[in-house]
Amino acid sequence: MSILNWLEEWYQSTCDSEREHLYGVKIDTLDNPGWVVRIDLADTLLQGKIFDNINIDNGDNDWIVCRVVNDIYEGFGDPYKLEKMLSVFKEWVEQNG
């Protein structure tokens, strides 16, 4: 299963006719350039769970930051880290879900 298929399945599993009206998944670009991913964790099994931050900086073309702030998973990374940010989230969900 691709990471996008997995994310689709995870999102669908969190929908309950109410949650999806308030919370969601956002993927956008950064101007430095790069990606940002924000995934709301409110009203999921992950709300309040501990996440070990990731902060790797090997220069402009090799960096990634993943963290949870206020029950929102946030991933920031260079143009080649979108899949990695989603994979980090997937691994965390599988360990804590």
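Between the helical axis of 3-14 and the longest alpha-carbon principal axis of the chain there is an angle of about 30 degrees. Between Glu83 and Ala42, the simple label model (points 7 Å from Cα in the Cβ direction) yields a spacing of 3.3 nm. What label, among (1) 14.1, 49; (2) 13.3, 43; (3) 17.9, 50, belongs to Rg and Dmax of the Cα atoms in Å computed from the structure on display? Correct label is (2).
Ignoring aspartates and glutamates fewer than eight residues from Lys49 along the same chain, the ones with Cα atoms less than 13 angstrom from its Cα are Asp40, Asp71, Glu94.
Taking Leu86, Leu46, Leu30 as the candidate residues, the one with maximal mean-square fluctuation in a Gaussian network model of the chain, Cα springs under 10 Å, is Leu30. For the chain, relative contact order (Cα pairs under 8 Å, six or more residues apart, normalised by length) works out to 26 percent.
Computed from the coordinates by the stated procedures, all read-outs in this text should not be read as laboratory data. Everything quoted here is computed from the prediction, not taken from an experiment. When we count neighbours, we look across all protein chains shown, and the Cβ atoms used for this are built from the backbone with ideal geometry, even at glycine.
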